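The next block holds one structure in the form of structure tokens; read it before the comments.
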Amino acid sequence: MGLLQLGTPLKWEEAKGTAAQVREWGIEQLLTIWRKNKDQERAVLLWGDEVEYLVIAVDESHQKVRLSLSQAEVLQALAENEELAKHGSMVPDLQGGEKAKNDCTLPTFHPEFGRFMLESTPGKPWSIDFKDLLEVERDMKQRRVIAKQHMAKDQYPVTLTTFPRLGTKDDFITPYYPPSGPALRSQFVPDEIANPHIRFPTLAANIRSRRGRKVELNVPVFKDEKTPWPFHDPTVDYDMHNWPEDDDVRNGAAKENHVYMDAMAFGMGSCCLQITFQAKNINEGRRLYDQLSPLGPILLALTAATPIYKGFLVDTDVRWNQISRAVDDRTREELGEAPLKNDRWRIPKSRYASNSTYIAEDPRLRPEYLDPDLVVDEDLKQKLVSGGMDDRLATHFAHLFIRDPLVVFSEDLQTLDVNGSNHFENLQSTNWQHMRFKPPPPDNPSIGWRVEFRSMEIQMTDFENAAFSIFIVLLSRVILSFDLNLYIPIPRTTENMETAHRRNALLDDKFWFRKDPFPQKTTPSASPFLRPQGTQPQPPDLDQNLGVNGTTDVTAASTSAAPTSDLPPVEEEYSLHTVSEIINGPGPGTSTSTNQFPGLIALVQHYLSSLNLSVTTRCQIERYLDLIARRADGSLWTNAKWIRQYVSQHPEYKHDSAVNEQVTYDLIKTLVEEIEPREDWSSKQGLGWEMFEVGG
Ligand code: ADP
Ligand code: MG
Ligand code: MG
Ligand code: MG
Ligand code: MG
Ligand code: MG
């Protein structure tokens, strides 16, 4: 969650008055970073994943599972054992001793918003080497082993996006604290649910104060045969009088036929899977940012894993909008619910939302693709432009900087360190869009411009988490190698994000996608897929690894795009597709006259074929691609569908949408038993594979 510094945080009333100063200083810092690094070239591709866990305590004697507020203890135990760990004695080798002990790079563990959460990353970023790719799954499994080793006997790291009974009336956390504290003022969860570091309660409290009421999450309940209808969330208490915010529900905050939640923890307490790429230079980073952006909602649908909130099956499959609402600090004026008087503008999206800008200097980026509703701080943009930044990148940052800083430390306001990044990061790291463009950190000059892909849901098994990580990495190579053009108008991506929420959207809904993603066919050989039959495709100069030589710089070629007057209307460039069409290509009987797109998997296969990989390597990668392909065509289930099925077949489930303690216990117990890392664990066993077969 970005920076964790110590200091005296200002309450919202004081912080508010410092917003303009923080923004201006942040822009100064950004300009310094940009000037120092805009011409920087990095020879190497590096990338890394972030895996988030819930810590769940399993109480066998009471047949009860609870969220364990043990983040600090687990992190402390990990820190204390670092020396031991370095010598490898506590690191089980899941591959049967092939890996030399002194070769071990230990993973890193980080705190997260929820005091029941942990995050892990590889000990160092993955390199360009193809054999690194094959380490990812093992590494993720090893991280789970290490995490488990530093927990109490009854505690387990579980990669569910959300705890099914977070916020119910029973004792769903351990140790137990009753709800309704001064920071969150939630009627469902206590303040102790959040990481106690001062940054987190301050963030939650200032979001609530700025907004003028509690955050509001209403998720449509899944209507089952016996669900009482209309549905009124039975856990809502209309008679609480601890805080002024207790009026929210009396003023209609809880909506009929919805599960109602009222605190940041219901969103930021969710686990996700994020991938960060280092680009070789700023331009490649900007290109990756744009081209990966339309894939965000597609991967969100493919990784759907969130069918339960607060003890009820809901009618949505993913976490995204809940996090969005859980940190939505917009006032009534900004939301358009009251006339603009005190605030500067109406703001269409929460700080946590799908991204609203394209940033590449790509001649294929037509003005029609940009977001017509983009709000930009023109004064700050002018400062960036005067400082030498181009209009497009300045627009991006001036858009992020329409927000107020939420956590301001008084110590930081005394002098500006223009070589620092604290004020810049204050805004940057509280703009949680589905893509993030990360400038090099001033305190670590070895790190380059990076792009983060943020939409994916965490998966229950490390096999799946590795598969999705590797798929995105391969797609990034495909995008660069084939110079793909995936541009669609930003509002279509926003719409796709909404679509991805619908129950079973992966199979039942269609998503906007570009019909022809290949570069302008100025020469017949521009696309390996559009050549006369019988000739061999010749992909660009590709090396045996994922590295520099594997990514041709085609910027020059793509600048020769057709003049605007020759271009078709933007609306003809994209159409609605199933995820399977996007991933697997048009099925039999699908007309290819308007869509020559072979599917993303075929592009990845083509890329792999050009690399002369060993049969073993190729086979390993195929296992991952197979998961993606079969997830897309419905022959393997999403985690969301599997969990729904588990609940609906449980003898204790009454088909009334309620997921009770027993069902939750059995669900988590199943996961823990199947996924609990063992030395003999292999991806073909347990949940890693068969359980997602249809009917399995
Ligand atoms: P945040 O929480 O701010 O998104 P983290 O530090 O938790 O960031 O994770 C960033 C990820 O990026 C990690 O997986 C890490 O391995 C990876 N990473 C670190 N340095 C680089 C780099 N130079 N290039 C690419 N990825 C990197
Ligand atoms: Mg995280
Ligand atoms: Mg992180
Ligand atoms: Mg971080
Ligand atoms: Mg109970
Ligand atoms: Mg991250």
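The values are calculated or read from the model by the stated rules, or taken from the named source; none is laboratory data. Quick caveat, the model's predicted, so the values are computed rather than measured. As a convention, Cβ positions derive from the backbone with ideal geometry for all residues, glycine included, and neighbour counts pool all protein chains shown. Only protein heavy atoms, including side chains, enter the accessible area calculation; ligands, DNA and RNA are left aside. Shrake-Rupley method; radii C 1.70, N 1.55, O 1.52, S 1.80 Å.
Answer yes if at least one residue in region 136-159 is in a loop (DSSP other than H, G, I, E, B), touching a residue at least 24 places away in the same chain (Cβ under 8 Å), under 20 Å from the mean Cα position of the chain (by Cα) and within 16 Å of ligand 1 (Cβ to nearest atom), and no otherwise.
Applying the first criterion (in a loop (DSSP other than H, G, I, E, B)) to region 136-159 yields 150-154, 159.
So of that shortlist, the ones also touching a residue at least 24 places away in the same chain (Cβ under 8 Å) come out as 150-152, 154, 159.
Adding the requirement that they be under 20 Å from the mean Cα position of the chain (by Cα) leaves 159.
Checking the rest, the ones that are also within 16 Å of ligand 1 (Cβ to nearest atom) come to 159.
Within region 136-159, one or more residues are in a loop (DSSP other than H, G, I, E, B), touching a residue at least 24 places away in the same chain (Cβ under 8 Å), under 20 Å from the mean Cα position of the chain (by Cα) and within 16 Å of ligand 1 (Cβ to nearest atom).
Being over 30 Å from ARG450 (Cα atoms), open to solvent by less than 20 Å² (accessible area, probe 1.4 Å) and away from ligand 4 (no atom under 16 Å from the Cβ) holds for only one residue in GLN155, GLN187, and it is GLN187. I'd like the full set of residues that are surrounded by 18 or more Cβ atoms within 10 Å (Cβ to Cβ) and farther than 14 Å from GLU24 by Cβ, limited to region 404-419. Correct list: LEU406, VAL407, PHE409.
Of all residues in region 347-364, those satisfying the criterion of being hydrophobic (A, V, I, L, M, F, W, C) and farther than 14 Å from ASP391 by Cα are ILE347, ALA353. If only residues of region 279-333 that are charged (D, E, K, R) and part of a helix (DSSP H, G or I) are counted, the one that is nearest to ALA505 (Cα to Cα) is ARG325. Only one of the listed residues (PHE468, PHE437) is open to solvent by less than 10 Å² (accessible area, probe 1.4 Å), modelled with pLDDT of 95 or more, within 16 Å of ligand 6 (Cβ to nearest atom) and part of a helix (DSSP H, G or I). That residue is PHE468.
Quick one: which residue in THR162, THR121, THR174 is within 16 Å of ligand 4 (Cβ to nearest atom) and open to solvent by 10 Å² or more (accessible area, probe 1.4 Å)?
On the way: THR162 fails: within 16 Å of ligand 4 (Cβ to nearest atom); THR174 fails: within 16 Å of ligand 4 (Cβ to nearest atom).
THR121 is the lone residue from the list that is within 16 Å of ligand 4 (Cβ to nearest atom) and open to solvent by 10 Å² or more (accessible area, probe 1.4 Å).
In the set (1) part of a loop (DSSP other than H, G, I, E, B); (2) open to solvent by 10 Å² or more (accessible area, probe 1.4 Å); (3) within 22 Å of SER120 (Cα to Cα), SER455 fails one condition alone, (2).
Give me the residue from region 578-613 that is β-branched (Val, Ile, Thr) and modelled with pLDDT of 90 or more and, out of that set, surrounded by the fewest Cβ atoms within 10 Å (Cβ to Cβ). Among residues in region 578-613 that are β-branched (Val, Ile, Thr) and modelled with pLDDT of 90 or more, the one surrounded by the fewest Cβ atoms within 10 Å (Cβ to Cβ) is ILE601. Selection of region 638-670 for residues being among the hydroxyl-bearing types (Ser, Thr, Tyr), surrounded by fewer than 17 Cβ atoms within 10 Å (Cβ to Cβ) and closer than 23 Å to ARG502 by Cα yields only SER648. Looking only at residues of region 254-278 that are open to solvent by 10 Å² or more (accessible area, probe 1.4 Å) and not in a strand (DSSP E or B), we find that the one that is farthest from TRP126 (Cα to Cα) is GLU256. Just one residue in the set ARG42, ARG35 is at pLDDT 95 or above and among the basic types (Lys, Arg); that residue is ARG35. Among the residues of region 203-236, those that are acidic (Asp, Glu) and surrounded by 13 or more Cβ atoms within 10 Å (Cβ to Cβ) comprise GLU216, ASP224, ASP233.
Out of ASP191, ASP171, which single residue is charged (D, E, K, R), modelled with pLDDT of 95 or more and within 16 Å of ligand 5 (Cβ to nearest atom)?
Values: ASP191 fails: within 16 Å of ligand 5 (Cβ to nearest atom).
The conditions single out ASP171.
Checking each residue in region 348-400 for being touching a strand residue (DSSP E or B) at 6+ places or on another chain (Cβ under 9 Å) and of a type in the set (Ser, Thr, Tyr) picks out SER350, TYR352, SER354, SER356, THR357.
From the list ASP329, ASP362, ASP315, which residue is open to solvent by 40 Å² or more (accessible area, probe 1.4 Å) and touching a Lys or Arg at 6+ places or on another chain (Cβ under 8 Å)?
On the way: ASP329 fails: open to solvent by 40 Å² or more (accessible area, probe 1.4 Å); ASP362 fails: open to solvent by 40 Å² or more (accessible area, probe 1.4 Å).
None of the others qualify; the one that does is ASP315.
Of all residues in region 51-84, those that are crowded, with 21+ Cβ neighbours inside 10 Å and either in a strand (DSSP E or B) or of a type in the set (Val, Ile, Thr) (or both) total 12.
If we keep just the residues of region 118-135 that are acidic (Asp, Glu) and either within 16 Å of ligand 6 (Cβ to nearest atom) or part of a loop (DSSP other than H, G, I, E, B) (or both), which is farthest from the chain's Cα centre (by Cα)? Within region 118-135, the match that is farthest from the chain's Cα centre (by Cα) is ASP129. Would you confirm, using the coordinates I've provided, whether MET389 is closer than 23 Å to ALA326 by Cβ and of a type in the set (A, V, I, L, M, F, W, C)? In short, no. Pairs needed: first member in region 29-50, among the small types (Gly, Ala, Ser); second member anywhere, buried (at least 20 other Cβ atoms within 10 Å of the Cβ) and assigned to a loop (DSSP other than H, G, I, E, B); C-beta distance under 6 Å; at least 6 residues apart or different chains. From residues that are among the small types (Gly, Ala, Ser), the pairs are GLY48/PRO122.
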